[in-house]
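Following: one structure in structure tokens, then a few remarks.
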Amino acid sequence: MTYCVALRLRGGLVMLADTRTNAGVDNISTFRKLTVIEEAGDRVIGMMTAGNLALSQAIINMATEQGVVMSEGGPLETLNTAPSMVRAAQIMGAAVREVYRIDGPALEDQKETFNVSILLGGQIGGGKLRLFQVYSAGNYIEATEDTPYLQIGENKYGKPIIDRAATYDTDVTDAMKLALISMDSTMRSNLSVGMPIDLMVYRRDALKLSLLKRIKDDDAYFKGLRQSWSDALTKAYQTIPSPDWLK
């Protein structure tokens, strides 16, 4: 299992993913689930994946290196050649369908499901900053000003924090803190989500990364954030008046 969260805000984009994959309590591995394309001055695109690891890697490789044919007789297209983020989402969807065409029948023979989800966000040239969620059928939805964030994987533990505090006008730095708190809450409640975690921050129209960081267990800021959040929660519930139900 995994947890990935992305927020598309007025000021930019925040993407955060854990790295834990496991096939049982005694078979835990670490794999990067955040992939970034950066061509300074031209494009910044972040991709995060959840689901079957082999499928996720095949899809990312196809969308970034092998390419897909988007129309009969057309050229191979990749995320590096996409003229817009909408086209990038279409290319990613086509890569999902192509990998399904190749691997789907073998998975079905093994009674396995084609399980993959992708968050795709970024900006190309003078186009809009956008964020999409691509499903296992190759279709997608887009984050909006009303719902400026998307999540994949084990999202139920971190969702209430984002729901309560994040808006389209949330500052990018504050959104980064919210994403980290959301990740910490998820890791505390689900052992299948774990450190290290990968963080990408992009400011609108910069066309270069503001931050790409791997956060490990010994990271001083993250350790402080975890403790501060726990202390704040304890203080908050203690200061709420008690009900007068008990006699």
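Read-outs throughout are calculated quantities, based only on the coordinates presented, and are distinct from any laboratory measurement. Predicted, not measured: the structure shown is a model, and the values here were computed from it. Here the Cβ is made from the backbone with ideal geometry for all residues, glycine too, and neighbour counts use every protein chain on show.
Could you tell me whether the range 72-144 comes out rounded, prolate or oblate from its Cα gyration tensor? Rule is a ≥ b ≥ c as square roots of the eigenvalues, rounded for a/c under 1.5, then prolate if a/b exceeds b/c, otherwise oblate.
Values: a/c = 3.61, a/b = 1.68, b/c = 2.15.
Taking the square roots of the gyration eigenvalues as a ≥ b ≥ c, the range 72-144 is oblate.
Please say if the range 1-81 is rounded, prolate or oblate, where rounded means a/c under 1.5 for a ≥ b ≥ c the square roots of the C-alpha gyration tensor eigenvalues, and otherwise the choice is prolate for a/b larger than b/c and oblate otherwise?
oblate
Mind ordering 40-47, 235-242, 184-191 by average Cβ neighbours within 10 Å, highest first? Walk me through the intermediate numbers first.
Details: 40-47: 19.8, 235-242: 7.5, 184-191: 17.9.
Descending mean neighbour count gives 40-47, 184-191, 235-242.
Relative to the first principal axis of the alpha-carbon coordinates of the chain, what is the inclination of helix 85-109, with its axis defined by its Cα atoms, in degrees from 0 to 90 and to the nearest 10?
Once rounded, one gets 80 degrees.
Among W229, N139, S189, which residue has its Cα furthest toward the positive end of the charge dipole of the range 3-239, with +1 on Lys/Arg Cβ and -1 on Asp/Glu Cβ?
Result: W229, furthest along the dipole toward the positive end.
With +1 on each Lys and Arg Cβ and -1 on each Asp and Glu Cβ, and nothing else charged, work out how big the dipole of the chain is about its Cα centre, in Debye to the nearest 20. Present the calculation step by step, with values, prior to reporting the outcome.
Values: 27 positive and 29 negative charges, 118 e Å.
Dipole magnitude for the chain comes out near 560 debye.
For the Cα atoms of the chain, what angle does the longest principal axis make with the long axis of helix 220-239, in degrees from 0 to 90, nearest 10?
Compared with the principal axis, the helix lies near 50 degrees.
If I fit a long axis through the Cα atoms of helix 172-189 and take the longest principal axis of the Cα atoms of the chain, what angle between them do I get, 0 to 90°, rounded to 10?
The angle comes out at about 80 degrees.
For K111, K33, K247, what's the fewest-to-most ordering of other Cβ within 10 Å of each Cβ? Don't skip to the end; give the middle numbers.
Values: K111 6, K33 27, K247 3.
The order, fewest Cβ neighbours first, is K247, K111, K33.
As a footprinting exposure proxy, order I37, I28 by other Cβ within 10 Å, with the fewest listed first. Working shown, then result.
Numbers: I37 19, I28 13.
The fewest-first ordering by Cβ neighbours comes to I28, I37.
How big is the Kirkwood radius of the chain, worked out from every pair of different alpha carbons and given in Å to one decimal? If you can, show how the numbers build up before the last one.
On the way: mean 1/r = 0.0527 Å⁻¹.
Final number for the Kirkwood radius of the chain is 19.0 Å.
What's the exposure ranking of D205, D103, going from fewest to most Cβ atoms within 10 Å? Working shown, then result.
On the way: D205 11, D103 17.
Fewest-to-most Cβ neighbours within 10 Å comes out as D205, D103.
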